[in-house]
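Participant: Mind having a look at this structure? Questions to follow.
The values are calculated or read from the model by the stated rules, or taken from the named source; none is laboratory data. Since the model is a prediction, treat every value here as computed from it, not as a measurement. Glycine gets a Cβ as well: all are built from the backbone with ideal geometry, and neighbour counts include every protein chain shown. Just the protein is used for accessible areas: all its heavy atoms, side chains included, with ligands, DNA and RNA removed. Shrake-Rupley method; radii C 1.70, N 1.55, O 1.52, S 1.80 Å.
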Amino acid sequence: MILINKLMAKKSWDSQGLKAPVTALLQHARADGNTRLVLFIIGAVALVVLLGFIYLKSQGVDYRQQNEVLGYLRELKEIDARWDLEVLRARVEGASGKAPVVADRGTRVPELLRRLKTAAADIDSPVLARGLPVLVKAVEQKTDLLNRYRASGATVTQSLGRMVDFDTEIAGLVRGAWQSVPQRERLVAIESTSALLFAHVMRYTADPTENERKNVEMFAADLRKANSGMPSGLSAGLARMDETVQQILGAKPVENELFQKVAMASTGPRIDSLTDAFSTETANTQIDSERYRIYLIAYAGALLILTGWLLSRLAVSYRLLESRVQERTRELSNALHQLKESEAQLIQTEKMSSLGQMVAGIAHEINTPLAYVKNSLGSVAGKLPEVKKLIVETNKLLRLMEAGSPDPERLQAKFQSVRELVHHFAEQQALAELGQLATDGLYGIDQISEIVLNLKNFSRLDRSKVSSFNLNEGLDSALLLAKHELKHLTIKKNFAEIPAITCSPSQLNQVFLNLINNAAQAIETGTGELTLTTRVEDAQHVAVDISDNGKGIPPEIMSKIFDPFFTTKAVGKGTGLGLSISYKIIEQHGGKISVDSTVGKGTTFTIVLPLTPPVTADLE
């Protein structure tokens, strides 16, 4: 019974996969009486390998390399802090128009990064292997931002220095033009406007807001307008001042943007995070090595005892080997044969059960659009007598009008009758109503046609037939056929452009329908969300994610969900075969199915399938 249970749990075994190794073992045992000795040697090698593994794990940490790495990280942290201080000083001192004294402290950064990369290659550290590339990229980005900020800040600082000189120069030029310009109020306005412009430029460099920029642009425009007709010396000075103002307006936003990016750079936290993680890893490695030393001593003693016991058992059990192998082979062969027969019957039973549920749901879905058609045709039939009466009366009127000399009274009476009928039709909007009824009827027919077409697509291929198939189409068909189960859910489809795969479409449709129905049944609140996602996993595989926000799967039963007959549903509500059959179908296609679930949040089943199944795949 133990062997049978193990065989049931091993879903991927088939008759050839089981018989081949057993047959080879029997042939080897008959041909060579030293089979037990071979097994003993294999076990001994495995034990020695394990001993070597424990010995290697018990080796201590190379503290010299560890300390070098930590020293490099600390030096990087210091340089990063000095960079931040440099940027703040440049921000404060540059606004005064004086170029700040800046020392480039990052010249050692490339050497530090190179040494860190070399150390990471020498040290077997997952933390460094994972975190160092990210840190290197962050440091290089910050270095580039800092260099660009320095260049932009130098432009702004030089322009501010010239603005300070212009403040005095313009005042002197105005006084020099005092005698040659009769409209002296314009000179006063120019001097006042230039002073205000200088003040707002200084404010803008200290606080580059949009409102302050508009003030600078406004006073610069006023100064250009007032420059018209001024002496050449004053005009040239004002032009140079305007050019300098435009340089500041162009360079300051760039400098401010770069300042924000440098300030938000994550280099410092990344260095701290990597330093802490590497220190913790080093400490844990040392603790593990101490623990493995204890294991090594205990294992060496146990290995000596086990070796003596195995030697004694080997001599006793050698004679029983061949008879036991033959007996167990017969048991396994019989159990496999029975399991194959039972599996075929159970799969057919599950398919019939799913078919019954699907037919009931489709009948319900067809009934609703069928009601549209029935009601529309009934209403149209009710309107036909009135239409017929209008046509008859109109024909009578036409015959009277075609007569050579119609009776005016009869003609008037008939015309009045037809007009009343037409007026009646217009008041009731009969033609619009008939058109709407026809539209409703056609809509119902379209709904029925869509359901029938999807049902045809869903089951168009025999189970054993293999063809090219797009998984997006299979998911759409499964959604429509399970529509009656999904009315209370919000469906989200994130379908990517994926290539068609070679598979058994009807088998994969059965898998999709099983997973979608399970997801719908897992949402018990009455409303929920079902998300279907397709994507290209890699050059040779495509993937499908079926996610719900239902109750989730408890961790204690996660390992059992693919076992045959395991179900959490009430008696009579499920056979426990849906996921087991789905697992086998995906495995037969050379793919894999996995599940990720959190109790109270939901479950995601992920299916990964090859574009072309392996030659060993059994899709029959």
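Participant: Counting only residues that are in a strand (DSSP E or B) and in contact with a helix residue (DSSP H, G or I) (Cβ under 7 Å, 6 or more places away or on another chain), how many does the range 502-531 have?
Facilitator: 1
Participant: Which of the residues belonging to the range 494-526 are open to solvent by less than 30 Å² (accessible area, probe 1.4 Å) and among the hydroxyl-bearing types (Ser, Thr, Tyr)?
Facilitator: Passing the criteria: 504, 506.
Participant: Then there's this: Of the residues 62, 80, which is open to solvent by 50 Å² or more (accessible area, probe 1.4 Å), within 43 Å of the chain's Cα centre (by Cα), under 30 Å from residue 113 (Cβ atoms) and at pLDDT 55 or above?
Facilitator: Going through 62, 80 in turn, the sole match is 62.
Participant: Still on this structure: Modelled with pLDDT of 80 or more, of a type in the set (A, V, I, L, M) and touching a helix residue (DSSP H, G or I) at 6+ places or on another chain (Cβ under 6 Å) - does that describe any residue in the range 191-198?
Facilitator: yes
Participant: Could I ask something else about it? Name the single residue that is farthest from the chain's Cα centre (by Cα) among those in the range 527-546 being among the hydroxyl-bearing types (Ser, Thr, Tyr) and open to solvent by less than 60 Å² (accessible area, probe 1.4 Å).
Facilitator: Residue satisfying both the conditions and the ranking: 531.
Participant: Looking at residue 129, is it among the small types (Gly, Ala, Ser) and modelled with pLDDT of 80 or more?
Facilitator: When the stated conditions are applied, residue 129 passes them.
Participant: Continuing with this model, one more query. Which is part of a helix (DSSP H, G or I), touching a residue at least 40 places away in the same chain (Cβ under 8 Å), open to solvent by 30 Å² or more (accessible area, probe 1.4 Å) and of a type in the set (A, V, I, L, M), of 302, 263, 236, 283?
Facilitator: Step by step, each of 302, 263, 236, 283 is checked, and only 263 is part of a helix (DSSP H, G or I), touching a residue at least 40 places away in the same chain (Cβ under 8 Å), open to solvent by 30 Å² or more (accessible area, probe 1.4 Å) and of a type in the set (A, V, I, L, M).
Participant: If we only count helices (runs of 4 or more DSSP H) wholly inside the range 119-232, which ones have 1 or more residues that are within 30 Å of residue 277 (Cα to Cα) and open to solvent by 80 Å² or more (accessible area, probe 1.4 Å)?
Facilitator: In the range 119-232, 126-176 are the helices (runs of 4 or more DSSP H) which contain 1 or more residues that are within 30 Å of residue 277 (Cα to Cα) and open to solvent by 80 Å² or more (accessible area, probe 1.4 Å).
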